[in-house]
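Contents: one structure, followed by commentary.
The values are calculated or read from the model by the stated rules, or taken from the named source; none is laboratory data. Since we're looking at a predicted model, the values are computed, not measured. Here Cβ is always computed from backbone atoms with ideal geometry, including for glycine, and neighbour counts include all displayed protein chains.
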Amino acid sequence: MKKLGFAAGAALLASAAMVQAGGIERTSQSVDIIFETGTLVKFGTSYAMPSVSGIDPTATATGIMSPNYVSFSGGYKTDLSDKIGLAIIFDQPYGSLAKYTAGLYTGTAADLKSSAITVVGSYDVSDRFMVYGGATYQTMQATAAVPLAGGYTITADAGSGFGYVAGAAYQIPDIALRVALTYRSTVSSTHTTAEAFGGPSIPGSMTVTTPQSVNLEFQTGVNPKTLVFGSIRWVNWSAFDITPPTFPGGALVSYTSDRVTYNLGVGRKLSDTLSAAVTMGYEKNLHGAPSPLAPTDGFFSLGAGLTYTMGNTKISGGAKYIWLGDTAGAAGTFANNSAIGIGINFSIAM
């Protein structure tokens, strides 16, 4: 496939400051680097500043329970022939960080981390049609404390598993149009656990399966200097849970509904070296009952960013402001919450 002008730089801004969407998701797990031509390296980082608080069941303010966090990503792409490409992608697709210091939930905390390496190969069936697929190796680990559950704590050691990705793309290079559909499978990992209820540790194990997903990503040129791009992402969160062996009540984390996330953006080439983009994102508030470890529901976001080209190097920076959806239920009321994300990415052609 031919490279579509400044499209890649503009689309990159859509995720330059990704802040957690549905479930415990922190990235869209896009494989869009596979659409680049030639050999290049990408790497970047983002910094999220969520501000989440509420009122617990005793009508006491919880205080800010959402610490800031940093995420990293990277990728390598090369052409093995005129029709075959290969990409290696690193990201941190899932995460959760919570710490309560006030009210009924004081001491309740969670820290879940993940990393993934995805290897994707592509084949150009024609100038307009590409198929691609590959494998993912994902690692996850977590700790949590729930004092209200008898002083409960858990440590889940790192566990890893494999999954796969498959997709196809259609493009018309003359108008910078591309539509790509990508399926990503579940990934299961088994974790050695140590649980406690304020006393001796209880050894055990549990299996966690991250959900399958489908990404529909698109872009099209409006004129030689303007690009419209976006995505629709479905994630099967209703099939996801984290259920430790002895946690009271069964699942520590679970979701009742799947999630669909929408993103739309406009990129504009300002000069031969500078382009800009604005984006907005939306995930419907399903008005589910909150839990201390999942106190918000849905979001609306606005973002903006710039891409500067200097020789064979592109530098992209962006920022987003996110209005997080309100929740109310037996676990309390969490309203008027928000988050800010900033990010920077580098792309170097080799």
One residue is enough: does region 113-120 have a residue meeting the conditions surrounded by 22 or more Cβ atoms within 10 Å (Cβ to Cβ) and under 21 Å from THR243 (Cα atoms)? yes
Scan region 254-276 and give yes if some residue there is at positive phi and out of contact with any Asp or Glu (no Cβ under 6 Å at 6 or more places or on another chain), otherwise no. no
Hey, among SER231, SER238, SER271, which residue is in a loop (DSSP other than H, G, I, E, B) and more than 30 Å from GLY198 (Cβ to Cβ)? SER271
With the checklist (1) surrounded by 15 or more Cβ atoms within 10 Å (Cβ to Cβ); (2) modelled with pLDDT of 95 or more in hand, flag the one item VAL253 doesn't pass. (2)
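Residue by residue, here is whether (1) at pLDDT below 95; (2) within 23 Å of SER185 (Cα to Cα); (3) buried (at least 23 other Cβ atoms within 10 Å of the Cβ) holds:
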residue: GLY5; (1), (2), (3): yes, no, no
residue: ILE34; (1), (2), (3): no, yes, yes
residue: TYR47; (1), (2), (3): yes, no, no
residue: ALA59; (1), (2), (3): no, no, no
residue: ILE64; (1), (2), (3): no, no, no
residue: THR78; (1), (2), (3): no, no, no
residue: GLY85; (1), (2), (3): no, yes, yes
residue: ASP91; (1), (2), (3): no, yes, yes
Within region 332-343, can you find the residues that are among the hydrophobic types (A, V, I, L, M, F, W, C) and touching a Phe, Trp or Tyr at 6+ places or on another chain (Cβ under 9 Å)? ALA339, ILE340, ILE342
Conditions first: (1) β-branched (Val, Ile, Thr); (2) out of contact with any helix residue (DSSP H, G or I) (no Cβ under 8 Å at 6 or more places or on another chain); (3) within 29 Å of ALA109 (Cβ to Cβ). THR209 passes all but one, so which condition is the exception? (2)
Within region 282-291, restricting to residues that are outside any loop (DSSP other than H, G, I, E, B) and free of Cβ contacts under 8 Å to residues at least 60 places away in the same chain, the one that is surrounded by the fewest Cβ atoms within 10 Å (Cβ to Cβ) is TYR282
Among (1) touching a Gly at 6+ places or on another chain (Cβ under 6 Å); (2) under 27 Å from ALA98 (Cα atoms), which single condition is ALA339 missing? (1)
Return the total of residues in region 292-335 being over 23 Å from PRO50 (Cβ atoms), more than 23 Å from the chain's Cα centre (by Cα), of a type outside the set (Phe, Trp, Tyr) and in a strand (DSSP E or B). 3
Going through region 248-266 one residue at a time, which ones are touching a residue at least 24 places away in the same chain (Cβ under 8 Å), under 18 Å from the mean Cα position of the chain (by Cα) and farther than 16 Å from SER213 by Cα? VAL253, LEU264, GLY265
For region 14-127, give me every one of the strands (runs of 3 or more DSSP E) that falls completely inside it and has 2 or more residues that are touching a strand residue (DSSP E or B) at 6+ places or on another chain (Cβ under 6 Å) and more than 26 Å from PHE346 (Cα to Cα). 96-99, 109-124
